[in-house]
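Written below as structure tokens is the structure these notes are about.
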Amino acid sequence: IRRISRHAMGLRIDQKIVIVTRATQLAALRRRYNTRSQARFQIVSAKKRELVKKVQSPGAELDALAEASFEEVDRAAEQYDTSVQQIRRDLDFDEFDIPVQVIDRDFLPNFVFGPRDVVVTVGQDGLVANTAKYAIGLPIVAVNPDPQRIDGTLLPFRTEHARSAVRAALHGKANVREVTLAEAVLDDGQRLLAFNELFIGVNSHVSARYRLTVAGASESQSSSGMLVSTGAGSTGWLSSIVNMATGVAALAGQAAAPRPLRFPWEDPRLVFVVREPFVSKASGTRLVSGIIEPGQEIAIESEMASNGVIFSDGVESDFLEFNAGATARVHTAPKKARLVVG
């Protein structure tokens, strides 16, 4: 009966809806401190200490302000949980007649998406980026669960719109925007995708050492690591590097208007930037930034004895080891992420 129902609607029996969530601040605190009351105590106590330092006179008013800090965390968690529950109810009706699965973003690296799944992310922009590199080629319906607290540049849908957006995606009628991804490939075949940017460096604040090859030119470098940004990431980490460079140039007397390196999500080009490159007898600064055109790549050979890493989109827990002897080749990924926009 279930198969007949799906076939009548034009759906496939191997389809499912995957809802991706992330822990709220309150949930993370409860995991850390075991109970809600202990989490509340920690937040309120920390806020009181902060307020006392500012006014030097504790009192009932400060107690109320400290309590309010936890109440805000509590309200945000309640709003998020309510949104997830509403979306699950809306998608778990007989109209769709296909499985609905909810997973936490921490399980994304090990989760197996089906080739015809529809993915729903419920959270901030970062959750979309984290999900997209694992749900390659699948339509992603990105939901803003709390518009009063979340700007949501990548979140075109509110909770009440999720059902209609998923319906359109299931039937192949959704408007989809394709987003270019970056890809790092090690010489042993390991790969890592990035929605916003790849970071290549070390997992601490010590200098990263490597040899960079770009368009036939090669240079040994010592820096705070490299960043390779997509169009989607050009308004994020990359923009902060541009801001820093502009400010330092102004300090050095080279005042100039900032020139944002912003380009569309669909743009097939990537931008690489070397962070804080250092000049020495063994390291240079000739190749500190550039464009990676479609079909081109840059090569980075690690010269780090230990702690070398490559991670993407700010998720340091999901990384490739990048120590001496390893070479990474970075280019535009052959497949794109697909965000439902209407």
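The values are calculated or read from the model by the stated rules, or taken from the named source; none is laboratory data. On a predicted model such as this, the values are computed, not experimentally measured, just so you know. All Cβ positions, glycine included, derive from the backbone under ideal geometry; neighbour counts span all protein chains shown. Only protein heavy atoms, including side chains, enter the accessible area calculation; ligands, DNA and RNA are left aside. Shrake-Rupley method; radii C 1.70, N 1.55, O 1.52, S 1.80 Å.
Looking for whichever is aliphatic (A, V, I, L, M) and in contact (Cβ under 8 Å) with a residue 60 or more places away in the chain here; the options are Val242, Val185. Which one fits? Outline the logic, then answer.
Details: Val242 fails: in contact (Cβ under 8 Å) with a residue 60 or more places away in the chain.
Step by step, each of Val242, Val185 is checked, and only Val185 is aliphatic (A, V, I, L, M) and in contact (Cβ under 8 Å) with a residue 60 or more places away in the chain.
Restricted to the range 295-320, and to residues that are under 25 Å from Ala232 (Cα atoms) and of a type in the set (Asp, Glu), which residue is most open to solvent (accessible area, probe 1.4 Å)? Reasoning before the result, please.
Going residue by residue through the range 295-320, those that are under 25 Å from Ala232 (Cα atoms) are 295-300, 309-320.
Subsequent filtering for residues that are of a type in the set (Asp, Glu) retains 297, 313, 316, 318.
Working: Glu297: 80, Asp313: 20, Glu316: 118, Asp318: 34 Å².
The extreme case among them is Glu316.
Out of the residues in the range 218-247 that are of a type in the set (Ser, Thr, Tyr) and in contact with a Phe, Trp or Tyr (Cβ under 6 Å, 6 or more places away or on another chain), state the one that is modelled with the highest pLDDT.
Ser222
Out of all the residues in the range 84-93, which are without any contact (Cβ under 8 Å) to a residue 12 or more places away in the chain and charged (D, E, K, R)?
Arg89, Asp92
Conditions (1) free of Cβ contacts under 8 Å to residues at least 40 places away in the same chain; (2) of a type in the set (A, V, I, L, M, F, W, C); (3) touching a Ser or Thr at 6+ places or on another chain (Cβ under 9 Å), marked per residue:
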{"residue": "Val100", "(1), (2), (3)": "no, yes, no"}
{"residue": "Arg105", "(1), (2), (3)": "no, no, yes"}
{"residue": "Thr121", "(1), (2), (3)": "no, no, yes"}
{"residue": "His161", "(1), (2), (3)": "yes, no, no"}
{"residue": "Ser164", "(1), (2), (3)": "yes, no, no"}
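Residue-by-condition table, conditions (1) closer than 30 Å to Leu108 by Cα; (2) at pLDDT 85 or above:
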{"residue": "Arg6", "(1), (2)": "yes, no"}
{"residue": "Ile19", "(1), (2)": "yes, yes"}
{"residue": "Gln25", "(1), (2)": "yes, yes"}
{"residue": "Phe41", "(1), (2)": "no, no"}
{"residue": "Arg49", "(1), (2)": "no, no"}
{"residue": "Asp63", "(1), (2)": "no, no"}
{"residue": "Ala66", "(1), (2)": "no, no"}
{"residue": "Tyr80", "(1), (2)": "yes, yes"}
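So, in the range 235-253, how many residues would count as being surrounded by 15 or more Cβ atoms within 10 Å (Cβ to Cβ) and not aliphatic (A, V, I, L, M)? Before you say what the answer is, go through the steps one by one.
Going through the range 235-253, the residues surrounded by 15 or more Cβ atoms within 10 Å (Cβ to Cβ) turn out to be 235-239, 241-242, 245-246.
Those still in the list that are not aliphatic (A, V, I, L, M) too: 235-237, 239, 246.
Adding up the residues that qualify gives 5.
Within the range 228-342, which strands (runs of 3 or more DSSP E) (wholly inside it) include 2 or more residues that are under 17 Å from the mean Cα position of the chain (by Cα) and acidic (Asp, Glu)?
Values: elements: 270-274, 289-292, 298-302, 308-312, 315-321, 327-332, 337-340.
By residue number, 315-321.
Which of the residues spanning the range 17-37 are part of a helix (DSSP H, G or I) and open to solvent by 20 Å² or more (accessible area, probe 1.4 Å)? Talk me through it step by step, then tell me what you get.
From the range 17-37, those part of a helix (DSSP H, G or I) are 25-33, 36-37; that's our starting set.
Gln25, Ala27, Ala28, Leu29, Arg30, Arg31, Arg32, Tyr33, Arg36, Ser37 - these are the residues of the range 17-37 that are part of a helix (DSSP H, G or I) and open to solvent by 20 Å² or more (accessible area, probe 1.4 Å).
Within the range 100-165, which strands (runs of 3 or more DSSP E) (wholly inside it) include 2 or more residues that are open to solvent by 30 Å² or more (accessible area, probe 1.4 Å)?
Working: elements: 100-104, 118-122, 139-144.
Answer list for the range 100-165: 100-104.
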